[in-house]
Every structure is written in structure tokens, then in C-alpha cells.
1. Along the Cα→Cβ direction, 7 angstrom out, place labels at residue 68 and residue 97. What is the inter-label distance in nm?
2. Give 19/132; 76/102; 10/78; 10/108 a once-over and call out the pairs whose C-alpha atoms are over 30 Å from each other.
3. So between residue 19 and residue 76, what do we pick up on full extension, going 0.36 nm a residue minus the alpha carbon distance?
4. From largest accessible area down, sort 66, 110, 18; use a 1.4 Å probe on the protein chains.
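The values are calculated or read from the model by the stated rules, or taken from the named source; none is laboratory data. This is a predicted model, so every value here is computed, not measured. With ideal geometry, Cβ positions are generated from the backbone for all residues, glycine too; neighbour counts draw on all protein chains shown. Remember, those area values only see protein heavy atoms, side chains included, never the ligands or the DNA or RNA. Shrake-Rupley method; radii C 1.70, N 1.55, O 1.52, S 1.80 Å.
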Amino acid sequence: NLYVVHVASKSLKPEWGLKVAAVGTDNTIVISNIPNSKLKAIETLGAIQGTEILGSLGIGKAGELLQCAKSLRVRKGKTIVKEGDSAPTCYVISMGFVSASKAGRMVKVLTVCDMFGEVSAIVNKPHTATIKALTDVEVLEFPARSLQWILRDTE
């Protein structure tokens with residue numbers, strides 16, 4: 001069994017042998033009883049269904065899209081997409097934060113369940129922003145053809 005106790009730091013008594021936990025998601029421990037292979041699929045489906053465009057897909061369509069996805073890890077500071085480039089892919093963030101910049105000026109910060117590159121993938125136009133990792137990031141990469149195929153029957 002695991003017990004998590006939340007108390008104010010001023011309430012901690014030295015004889016309890018407890019420490020104040022560090023603040024922030026980087027210091028969060030996730031303990032799961034789901035096997036890693038299944039947990040990754042559940043997290044990925046959650047990221048897909050959390051997006052505005054793909055959120056309305058049924059579980060079957062989301063599962064089909066999941067089979068086309070490639071998971072990428074990107075280090076902090078690396079560019080994922082360059083403004084003006086043509087690339088037949090779109091991305092869903094499954095971990096971390098990225099910045100979207102236009103003409104060298106940051107216009108937005110994106111995080112988990114946010115999608116980018118979808119306009120370029122759907123209408124075959126160059127990317128309208130540069131996307132750069134603000135933290136270590138994990139993204140799901142979808143080929144444009146897969147996205148177009150999945151969306152063909154949706155409204």
C-alpha cells in the first residue's frame with residue numbers, strides 16, 4: 001500500500017521523519033499498476049482525444065490514428081518545425097512545452113494535447129510558425145496522409 005499525506009510544512013514534526021516535497025511536475029512521482037506497454041497506449045490515446053481537432057474521433061478512429069503515430073523525443077532548445085518549411089506531418093504534444101514563433105517572435109506556448117502542423121498537413125501548405133522545445137518534449141508525429149484518411153469521414 002502507498003499512503004500520501006498532505007500537510008503544511010509548518011506542521012511537520014522532526015520526529016515524523018518526513019520531508020517537504022519539492023514543488024512542480026518535474027518532482028511528481030507516478031505510480032501505476034498498469035503494464036508499461038498498455039499505459040503508453042492509454043496516454044497516447046488520451047493525448048489524441050485531448051486535441052480540439054481529433055477529440056471528437058471515436059475510440060476506433062483514434063486507435064487507427066494511433067497505429068500511424070510515431071513517438072518522438074525532442075531535447076530542450078531543439079527546433080521541431082521551421083516556419084516556411086513544407087513537411088507532410090502534424091504533431092500532438094504528449095509531454096512538455098513548446099513555443100510557436102512567427103518571424104522570430106514568440107506568439108504562443110503549447111503543451112500536452114496541443115496540436116501543431118495540422119493546417120500544413122491538411123491543406124498542403126508550408127508551416128506558418130517555428131516550433132521549438134522549451135523543455136524536453138515528447139510528441140506524436142502523424143503523416144499528413146494518415147490524418148487526412150482518418151478525418152475524411154468526420155465533419
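1. Spacing of the two 7 Å Cα→Cβ label points: 3.1 nm.
2. Cα-Cα > 30 Å for 19/132; 10/78; 10/108; rest within.
3. Numbers: separation 57, 0.36 × 57 = 20.52 nm, distance 3.00 nm.
Going from the current span to full extension adds 17.5 nm.
4. Solvent-accessible surface, decreasing: 18, 66, 110.
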